[in-house]
């Protein structure tokens, strides 16, 4: 065997990492075979409208929807963060332009056409 021509018992060249080596033997371009996935939520009708976005750590912001992609990453302008303390007092701070990552979004809803209601399960917990 020449120097550098190591063979393992499974047939392939030696080395580390368990890679197979050789040319790619795939079945062609798989993206061309699949139809494009349709978005679960169509945000086009909410463009340039005020949206309320709640994040996965409890944060909440209100801003004007300026853009989004299929991963639900959103761009909001004129954003204000809504902060609540332990007593329920609400205050806001201005953030300006925000790019929010889609994996962190819990709720996204238009400000117009939605109203906050009291917790219907609060009475059941007290009993």
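Every read-out reported here was derived from the displayed coordinates using simple, explicitly stated rules and does not represent laboratory data. Fair warning: this is a prediction, and the values are worked out from it, not measured in the lab. Every residue, glycine among them, receives a Cβ derived from its backbone with ideal geometry; neighbour counts consider all protein chains shown.
Take the Cα pairs of the range 43-110, get the Kirkwood Rh, then feed it into Stokes-Einstein at 4 °C and 1.567 mPa s and tell me D in µm²/s. Before the final figure, lay out each step's value.
Details: Rh = 12.1 Å.
My calculation gives 107 µm²/s for D.
To the nearest 0.05, how large is the calculated FRET efficiency for residue 106 and residue 33 if R₀ is 25 Å and r is the Cβ-Cβ distance? Please report the intermediate quantities before stating the final value.
On the way: r = 34 Å, r/R0 = 1.35.
Result of the calculation: an efficiency of 0.15.
Between residue 122 and residue 95, what FRET efficiency comes out of the Förster formula 1/(1 + (r/R0)^6) with R0 = 30 Å and r the beta carbon distance, rounded to 0.05?
Working: r = 31 Å, r/R0 = 1.03.
Rounded to the nearest 0.05, the efficiency is 0.45.
Rounded to the nearest 0.05, what FRET efficiency do residue 45 and residue 69 give with R0 = 25 Å and r taken as the Cβ-Cβ distance? Could you check? Write down the numbers at each step before the final one.
On the way: r = 16 Å, r/R0 = 0.65.
Taking R0 as 25 Å, the efficiency between residue 45 and residue 69 is 0.95.
Below 8 Å, C-alpha to C-alpha, sequence gap of six or more: please give me the relative contact order for the range 43-110 in percent.
Averaging sequence separation for qualifying contacts and normalising by length gives 34 percent for the range 43-110.
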